[in-house]
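The values are calculated or read from the model by the stated rules, or taken from the named source; none is laboratory data. Keep in mind that what you see is a predicted model, and the values were worked out from it rather than measured. When we count neighbours, we look across all protein chains shown, and the Cβ atoms used for this are built from the backbone with ideal geometry, even at glycine.
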Amino acid sequence: METSRTHPVSETQLNNLSLSFENLQVNDPSYSSFDEIHPSPVPVPLYPQSTWAVPSLSGRSTVPNLSGTSNPQYETITSSNFQTPLGFQANPFQHCANSGILLLAQDEQGSQYLQEKLTSGNSRFLDKVFNVVSEFTFQIICNQYARFVFGKFIETCNEDQLLRITLQITSQDQLFVQASVDKFGSSSIRKLMKAVANRPPLLDLVMKALKRLFRLLMMTKPGSSVVLQCLEQIYQHNNKNDFIYQAALEHCLYLACHEQGCINLNNFIDEMKGPRRKQILYLISVNAASLSRNFSGNYVVQHVLELEDPYLIETICFSLRGHYIDLSLTKCGSFVVQNCLKYRITVNYIVEEFLLNSDQIFRVACDKYGNYVIQTALIETMRPNSLHLHQRLVTKLRQNLDSLRFGYGKHLKPSFSVAGTTASPPISTATRQLNEIPIYEAEVGSAAKREDAAQLHQFILHAALDIVQDLAWTTSAMFLKAIDRFNDLVVSVYVTAGHILRTSTQINAMTFLLNDDGIKSFFQEVHELYIKILLNPLYLPGSRITSSHFDTKVRALARKYL
């Protein structure tokens, strides 16, 4: 092949020249569309005398030496001192097809080069890029590198170009959805929203598109990021426009039952602002009964509960009334019921529903999921204002202990075991967990403390634990009175649902053991003190109680009752 009649081009030179055009396509009338690109073997010359040059991405231009002789005219020169040949205009891309610029934008180095050119503010170049973006919108905004060209373009283009691009993207629902749910496309849409944030007419176009396509976008993670970005724009720039919240009211229940939609809806709830927020949360709350049974919906209900709004908590718990038993028997519903039990304003009538269904409570207690609900109920009713419910719940469960000895019901056994012993001075008081690690011990009395006596007390208390384990299942009483004797030492026990054994050893006349009322009162008040310790957020359950205030109170109660 020749590029002139007198100077033939070698095969090596031709290959080198072809490589120079890998990132640039020149104008060819045979190019009818992007899908029909067929590069010609030799690009069309752009210079007189059948010669051509390619601006390299490094800022230098190379002109081939076709004569085979050394000539400074054809040496490599920088773009700064390059003289444009006759017939070649200032815009180097005017002869490039749109598809050629697209290929350049989709290349990492080509994208950087185009971004640099866009910052120059050349109006002809902006028009050329605008034509490319208009023709290949989806390919530009969804490409890993071309999206940066799009972002730079919408920052530098004029108002008319921005309006036309915004109209083109928002008026084509399929294009908008495909771009928004794409990893790179969603980034481009967010940049567009940022660019039109201070232009209310353009922002309205975007928000109307989001309203139409809200459900589809919220079912994907990239699409939801576009919606959340728009929430911020609405709040900061157009508080009166609630297109998105109207769409959320319409589709929130559907999204709550979608595997990915429920996650995105929870994120949406966290970002909501304004009066519409309460309407959406109320709609979810009144439908809590059906959502709680759904594999995905229960997470949305739990998320609303975690907002700790008393009105919403009460609304959810009221809508679940009559369903607590059934929900406790399902994996999804049991999570919701356990969360409802954690709030003081609702725990009372939830436990009341369990107590009213006396036949069903044992079914729940022995269920794979329900046993966790009963355990939570036993723990949450240990609060000072709910102790009467705790006692009633324990009494009800003790009426059918045989059904709780096997299967999942056996997990409830540790929940019945808080105990204590007491006696008259000298007194050894201990608070123990079921793993037999004491969390509180005290010697109370006027007698001098001896090391051998303390060790003897520990031995007696340790031996009594096995008796407590067996005896606790044979009676519904919490105060077990005297359960063991060793010579003149007597152990008394009080059982509650806190996994604690509270015991004390009496060394004195046997007649002091007849004061059961005083011993019982001592245990009840020590139990209330322990509950207050548990409610302290700084206390780690199961760790030793080191509070001097607790110790002082226990000793004062011992002097009062024993």
Count - residues of region 134-149 that are surrounded by 18 or more Cβ atoms within 10 Å (Cβ to Cβ), within 21 Å of residue 163 (Cα to Cα) and without any contact (Cβ under 8 Å) to a residue 60 or more places away in the chain
8
Among the residues of region 282-301 satisfying the criterion of being surrounded by fewer than 20 Cβ atoms within 10 Å (Cβ to Cβ) and in contact with a Ser or Thr (Cβ under 9 Å, 6 or more places away or on another chain), which is farthest from residue 328 (Cα to Cα)?
282
If you go through region 166-177 one residue at a time, do you hit one that is farther than 25 Å from residue 130 by Cβ, surrounded by 18 or more Cβ atoms within 10 Å (Cβ to Cβ) and modelled with pLDDT of 90 or more?
no
Could you list, in sequence order, all residues of region 492-537 that are of a type in the set (Gly, Ala, Ser) and at pLDDT below 65?
497, 498, 504, 509
A careful count of residues in region 354-373 that are of a type outside the set (Phe, Trp, Tyr) and crowded, with 17+ Cβ neighbours inside 10 Å gives 9
Selected residue [farther than 19 Å from residue 149 by Cα, touching a helix residue (DSSP H, G or I) at 6+ places or on another chain (Cβ under 6 Å) and among the small types (Gly, Ala, Ser)] from 171, 225, 180, 188
225
Name the residues in region 103-133 that are under 21 Å from residue 164 (Cβ atoms) and modelled with pLDDT under 85, would you?
121, 122, 123
Of those in region 308-353 that are charged (D, E, K, R) and under 16 Å from residue 375 (Cβ atoms), the residue surrounded by the most Cβ atoms within 10 Å (Cβ to Cβ) is 342
Which one of these does residue 489 not meet: (1) more than 21 Å from residue 396 (Cβ to Cβ); (2) aliphatic (A, V, I, L, M); (3) at pLDDT below 65?
(3)
Hey, among 192, 162, which residue is within 25 Å of residue 121 (Cα to Cα), in contact with a Leu (Cβ under 8 Å, 6 or more places away or on another chain), at pLDDT 90 or above and crowded, with 19+ Cβ neighbours inside 10 Å?
162
Would you say residue 292 is more than 15 Å from residue 393 (Cβ to Cβ) and in the same structural domain as residue 245 (by TED's automatic domain parsing)?
yes
Failed item, numbered, when residue 180 is tested on (1) in contact (Cβ under 8 Å) with a residue 40 or more places away in the chain; (2) more than 33 Å from the chain's Cα centre (by Cα); (3) surrounded by 15 or more Cβ atoms within 10 Å (Cβ to Cβ):
(2)
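One line per residue, one yes/no per condition, for (1) in the same structural domain as residue 285 (by TED's automatic domain parsing); (2) hydrophobic (A, V, I, L, M, F, W, C); (3) out of contact with any helix residue (DSSP H, G or I) (no Cβ under 6 Å at 6 or more places or on another chain); (4) under 17 Å from residue 306 (Cα atoms):
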residue: 334; (1), (2), (3), (4): yes, no, no, yes
residue: 337; (1), (2), (3), (4): yes, yes, no, yes
residue: 348; (1), (2), (3), (4): no, no, yes, no
residue: 354; (1), (2), (3), (4): no, yes, no, no
residue: 359; (1), (2), (3), (4): no, no, yes, no
residue: 363; (1), (2), (3), (4): no, no, yes, no
residue: 366; (1), (2), (3), (4): no, yes, no, no
residue: 369; (1), (2), (3), (4): no, no, no, no
residue: 373; (1), (2), (3), (4): no, yes, no, no
For region 311-369: of the residues being of a type in the set (Gly, Ala, Ser) and closer than 30 Å to residue 277 by Cα, which is modelled with the lowest pLDDT?
322
Kindly provide the set of residues from region 191-218 that are part of a helix (DSSP H, G or I), of a type in the set (Lys, Arg) and out of contact with any helix residue (DSSP H, G or I) (no Cβ under 7 Å at 6 or more places or on another chain), ordered by number.
194
Inside region 329-353, the number of residues satisfying the requirement of being touching a Phe, Trp or Tyr at 6+ places or on another chain (Cβ under 7 Å) and closer than 16 Å to residue 378 by Cα is 5
